[in-house]
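Below: one structure, written as structure tokens.
The values are calculated or read from the model by the stated rules, or taken from the named source; none is laboratory data. Bear in mind the structure is a predicted one, so any value in this text is a computation, not a measurement. Cβ atoms come from the backbone with ideal geometry, glycine included; neighbour counts cover every protein chain shown.
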Amino acid sequence: MKNTIEQDNLRKEVVLKFKKERGNLGTDKFIEDAYNKYPDDETISAINNYLKSKFCYKVYLIRKDSRDDAATPDSWLDKARIFALKIPNTYNKEFSDEINDYLEDFFSKQSKEEIKNLVLKMKVYESLSQSDKKKIKEFIESKYEHYDKKDSKYTSDKYTKLIWKETAQKYGISQAHVDYIWSELN
């Protein structure tokens with residue numbers, strides 16, 4: 001597909017903002033909005049997924065040592081992996097040295113088995129239809145109802161970690177994908 005002038009201009013703006021305004025309030029959101037408009041643009045996509053992977057990995061590192069059971073650090077690590085896996089290992093455009101160095105370092109810390117399992121789960125997730133996602137959401141809602149009845153009261157997020165784990169196991173997806181489905185359909 002041929003790039004439009006609008007897409008070319010937006011890519012240039014993303015590159016400029018990433019270069020000069022990285023870390024400023026609104027920059028990541030601007031890049032995310034550009035990605036949502038042109039998800040197939042290799043440069044915009046790589047920069048967006050790089051930023052998201054780094055953010056999720058930082059949250060994972062902060063939460064992995066947390067004693068708070070609700071922190072669910074593994075979900076953040078899965079998210080970081082998913083965003084990193086969306087960047088092609090052949091990426092060679094703007095900021096490719098920085099992005100590829102991050103990917104090499106990030107994946108050197110992951111086991112091949114973990115990455116292989118996540119890739120398989122990504123394929124399953126990507127094959128889900130809207131109808132499948134609605135069924136998963138209904139399953140989640142039924143689990144919340146089950147735990148509310150079990151405790152004879154509204155349990156809020158008390159069982160969320162367990163529900164996410166049960167849902168991921170039942171449908172063969174990652175807990176990060178459960179997050180996406182839940183937020184997408186709510």
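Points to keep in mind about this one:
- Residue in segment 149-157 that is out of contact with any strand residue (DSSP E or B) (no Cβ under 9 Å at 6 or more places or on another chain) and under 23 Å from F18 (Cβ atoms) present: no
- Neighbours by Cβ (under 6 Å, 6+ apart or cross-chain): first from segment 33-58, without any contact (Cβ under 8 Å) to a residue 40 or more places away in the chain and not assigned by TED's automatic domain parsing to the domain that holds A176; second of a type in the set (F, W, Y) and not in a helix (DSSP H, G or I): I44/Y38
- Test: residue in segment 75-90 that is in a helix (DSSP H, G or I) and free of Cβ contacts under 8 Å to residues at least 12 places away in the same chain: no
- K150 vs. criteria surrounded by fewer than 11 Cβ atoms within 10 Å (Cβ to Cβ) and either in contact (Cβ under 8 Å) with a residue 12 or more places away in the chain or farther than 20 Å from W76 by Cα (or both): yes
- Criterion (surrounded by fewer than 16 Cβ atoms within 10 Å (Cβ to Cβ), modelled with pLDDT of 90 or more and of a type in the set (G, A, S)) met by exactly one of S183, S108, S156, S131: S131
- Scan of segment 167-179 for residues that are of a type outside the set (S, T, N, Q) and buried (at least 16 other Cβ atoms within 10 Å of the Cβ), ordered by number: A168, Y171, I173, A176, H177, V178, D179
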